[in-house]
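Please treat every number below as a calculation from the coordinates, not as lab data. Everything quoted here is computed from the prediction, not taken from an experiment. All Cβ positions, even for glycine, are placed from backbone atoms using ideal geometry, and neighbour counts span all protein chains on display.
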């Protein structure tokens, strides 16, 4: 969405206010302000030596970011997290009035077939859920990457930034299999089902919500690098299937808008029903506000104000469904003079905060 369009939408919303102070939107559906959603930061852009370092906490606070998602490396041979490290990180945040809201979990477990190795990895995950809860972290995010996230091109954008992109290869059937070998759709869903049936009851016990990030990109043809991806051929149908396996308020999504858009032929129109469906069911625990130009099989990652997805419309849905988590800028464009993409993410933080203020300004109460 371009800046003029953004400003025009805000003005239109304010102009719709009647003499009584109630907007047309309120009269139709009586939406109310959402004071629960907030801008968030994560491991994609870190100032200083670590995400809870003084440098990074001060960097985030300068742009109004008080909720962070950390990526935690496994600290033992079985994949277990270090409980003392988690406590140190939450204490670091607390000293600055920042909340360590979530932890990103490594996806290794999805690469294992049935057997003792997978059972040990699953036990470690269950232990990590407990450790997160004890440290006061209430969301664990994850993505199931049997094959690595796919990008195969770079293009230039405004100000000479670099956009990462993907176009389905004409010879994709000839690409080598991933390290997991052939993984059929049945295999993939068996692994997902086993994980959810074991993890979600433990997550409920400890008050930790498990937030699945779609595979990136979704919609790949079955057999791509030997894998039938779980969110192919339809990302929306796959999301519905995923959350229905264990229908629980602790089984939901880190909904990456850019990733989801990558699996849609018409992202601008098709993504809104997905946000509405999950938001209405309370199954969005975090938002990655990434935008793309293009769509299924052919896209590039761009700034949030210049892609296919109208984030003003998305934010209205998040407002009206009373989404209560972080909205994180994600996969921002890169420039050689902006190491770590700190400038790009600062722009993203401001953009998200402006969207929140704009949609809340349309309503009262």
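Give me the extension gain from residue 306 to residue 198: residue separation times 0.36 nm, minus the current Cα-Cα distance, reported in nm with one decimal.
Gain on extension, residue 306 to residue 198, equals 34.8 nm.
Could you calculate the FRET efficiency of residue 234 with residue 206 from 1/(1 + (r/R0)^6), where r is the beta carbon distance between them and R0 is 22 Å, rounded to 0.05?
E(calc), rounded to 0.05, equals 0.10.
Take the stretch 115-164, drop everything but the C-alpha atoms, weight them equally and run the Debye formula without solvent; then report log10 I(q)/I(0) at 0.32 Å⁻¹ to two decimals.
For the stretch 115-164 at q = 0.32 Å⁻¹, log10 I(q)/I(0) is -1.10.
In percent, how large is the relative contact order of the chain, given Cα pairs closer than 8 Å and 6 or more residues apart?
21 percent
Say we join alpha carbon atoms closer than 10 Å with springs in a Gaussian network model of the chain; which of 172, 144, 81 then has the biggest fluctuation?
172
Put a dot 7 Å past each Cα toward the Cβ at residue 174 and residue 357; how far apart are the dots in nm?
The modelled label-to-label distance comes out at 5.5 nm.
Take the chain, connect every pair of alpha-carbon atoms lying under 10 Å apart with a spring to form a Gaussian network, then pick out the residue of 274, 149, 245 with the largest mean-square fluctuation.
The residue with the greatest mean-square fluctuation here is 149.
Calculate, in whole percent, how much of the Cα-Cα pair population of the stretch 111-201 lies beyond 16 Å.
69 percent
Beyond 23 Å, what percent of the Cα pairs of the stretch 64-174 remain?
49 percent
For helix 267-280, report the angle its Cα long axis makes with the longest principal axis of the Cα atoms of the chain; keep it between 0 and 90° and round to the nearest 10°.
80 degrees
7 Å from Cα along Cα→Cβ at both residue 184 and residue 167: what's the point-to-point distance in nm?
3.5 nm
Anyone know which of 238, 174, 211 comes out most mobile in the 10 Å Cα GNM of the chain?
174
How large is the helix-only mean residue ellipticity at 222 nm for the chain, computed as the sum of -39500 (n - 2.57) over DSSP H runs with n ≥ 4, divided by its residue count, in deg cm²/dmol to the nearest 500?
Theoretical 222 nm ellipticity from helices: -12500 deg cm²/dmol.
Which shape class applies to the stretch 213-365: rounded if a/c is under 1.5, otherwise prolate when a/b exceeds b/c and oblate if not, where a ≥ b ≥ c are the square roots of the Cα gyration tensor eigenvalues?
Numbers: a/c = 1.83, a/b = 1.12, b/c = 1.64.
Verdict is oblate for the stretch 213-365.
What list do you get for 299, 112 if you sort them by fewest beta carbons within 10 Å? Walk me through the numbers on the way to the answer.
Values: 299 26, 112 17.
Arranged by neighbour count, lowest to highest, 299, 112 become 112, 299.
Need one number: nm distance between label points at residue 153 and residue 248, each 7 Å from Cα along Cα→Cβ, rounded to one decimal.
4.3 nm
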